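Chemist: For reference, the structure I am asking about is given below.
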Amino acid sequence: MSLEIIGLPDYSNNENKDQISIISQWKLTIIDKPLIEGKIEHLGPIMDAFYIYSNLLIKNEIPLYESKLIDIKADNLNIHNIVLKSSKPNVKPLIFKIGNSLLTDIINCFDQLNESSKVRIKKTGLSNNIPKKVKFGLNNKVKFFNFILPPFIAICSLILFSSTFIYFYNPVEDKEKNELKNPK
C-alpha cells in the first residue's frame with residue numbers, strides 16, 4: 001500500500017525545495033485493487049471519510065459514511081464496501097471491498113501524510129464534513145438505550161429474583177419451626 005503526493009513547494013512563502021505544499025495530484029495504491037487518484041480537493045474529503053468511518057467502528061456505532069465523493073459501509077465486522085464516485089460526468093463509480101487490515105493500512109497512510117514534514121496540506125475540520133446521517137439518526141437512540149437498558153435489566157432481575165423467594169416462602173411453616181425451637 002502506498003500514497004503518492006505529486007506537487008511543488010510554494011516558493012512565494014520561502015518554503016524548502018523538499019517540501020510540497022502545492023499539491024496537484026495524489027495516488028493511493030492498494031494491493032489487488034484499482035489505483036485511486038484525484039485532485040487535492042478530493043483528498044481532504046476522502047481522508048475525512050476514512051477517519052470518520054473508522055471512528056464509528058471504534059465507537060461501536062453504525063459504520064456508515066455517505067457523501068457525494070465516497071460511500072463506506074460495513075458488510076460485516078471484517079469486510080467494508082467502498083464506493084468512490086467520480087466528479088467527472090459519465091464515469092461509473094469505482095466499487096470494491098477491503099478487509100480490516102487494508103482499512104488500517106489506508107488510515108496509516110493518511111496518518112503518515114498528516115505527520116509528514118515534507119508535505120503540507122490544509123487541514124479540514126472533521127466536524128464540518130460529517131454528514132447529517134452520521135451526526136444524527138439512530139446514534140442518539142442507541143446511546144439512550146445503552147444508558148437506560150442496564151439499570152432496567154438490573155431492576156427486572158432483582159424483582160424476578162425476589163419474587164422467587166416470596167413464592168417459596170411459607171409463613172405457616174416458619175411459625176411452626178419457631179414454636180418447635182422455643183416452646184412456651
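The values are calculated or read from the model by the stated rules, or taken from the named source; none is laboratory data. Quantities reported herein were computed from a predicted structural model and do not represent experimental measurements. Cβ sites come from the backbone with ideal geometry, for glycine too, and all protein chains shown count toward neighbours. The area values use the complete protein model at the heavy-atom level, side chains included, leaving out ligands, DNA and RNA. Shrake-Rupley method; radii C 1.70, N 1.55, O 1.52, S 1.80 Å.
Chemist: Could we say that residue 136 is closer than 24 Å to residue 57 by Cβ, among the hydrophobic types (A, V, I, L, M, F, W, C), at pLDDT below 55 and open to solvent by 100 Å² or more (accessible area, probe 1.4 Å) here? Steps first, answer last, please.
Modeler: Numbers: closer than 24 Å to residue 57 by Cβ: yes; among the hydrophobic types (A, V, I, L, M, F, W, C): yes; at pLDDT below 55: yes; open to solvent by 100 Å² or more (accessible area, probe 1.4 Å): yes.
Yes, satisfied.
Chemist: Moving on to the next point. Restricting to region 19-37, name every residue that is of a type in the set (Gly, Ala, Ser) and in contact (Cβ under 8 Å) with a residue 40 or more places away in the chain. So that I can check it myself, show each step before the final result.
Modeler: Keep residues of region 19-37 that are of a type in the set (Gly, Ala, Ser), which gives 21, 24.
21, the sole residue that qualifies.
Chemist: Next question, about the same structure. Would you check which residues across region 1-18 are out of contact with any Ser or Thr (no Cβ under 7 Å at 6 or more places or on another chain), assigned to a loop (DSSP other than H, G, I, E, B) and either touching a residue at least 60 places away in the same chain (Cβ under 8 Å) or buried (at least 18 other Cβ atoms within 10 Å of the Cβ) (or both) and list them?
Modeler: Across region 1-18, the qualifying residue is only 18.
Chemist: While we're on this one: Taking the residues in region 96-133 that are closer than 15 Å to residue 67 by Cβ and open to solvent by 40 Å² or more (accessible area, probe 1.4 Å) as candidates, determine which candidate is modelled with the lowest pLDDT.
Modeler: The extreme case among them is 127.
Chemist: Report yes if some residue within region 100-107 is closer than 30 Å to residue 17 by Cα and among the charged types (D, E, K, R); otherwise report no. So that I can check it myself, show each step before the final result.
Modeler: Restricting attention to region 100-107, the residues satisfying the condition of being closer than 30 Å to residue 17 by Cα are 105-107.
Then keep just the ones that are among the charged types (D, E, K, R); that gives 105.
The answer is yes; a qualifying residue exists.
Chemist: Give region 78-93 a look and list any residue that's β-branched (Val, Ile, Thr) and farther than 15 Å from residue 46 by Cβ, or say none.
Modeler: Keep residues of region 78-93 that are β-branched (Val, Ile, Thr), which gives 79, 82-83, 91.
79, 91 - these are the residues of region 78-93 that are β-branched (Val, Ile, Thr) and farther than 15 Å from residue 46 by Cβ.
Chemist: Another question, if that's okay. Restricting to region 42-93, give me the number of residues that are part of a strand (DSSP E or B), of a type in the set (A, V, I, L, M, F, W, C) and open to solvent by less than 50 Å² (accessible area, probe 1.4 Å). Walk me through how you get there before you give the answer.
Modeler: Start the filter on region 42-93 by keeping residues that are part of a strand (DSSP E or B), which leaves 64-66, 70-74, 79-84.
With of a type in the set (A, V, I, L, M, F, W, C) added as a condition, the list becomes 64, 70, 72, 74, 79, 82-84.
Add one more test, that the residue is open to solvent by less than 50 Å² (accessible area, probe 1.4 Å), and what stays is 70, 72, 74, 82-84.
Qualifying residue count, region 42-93: 6.
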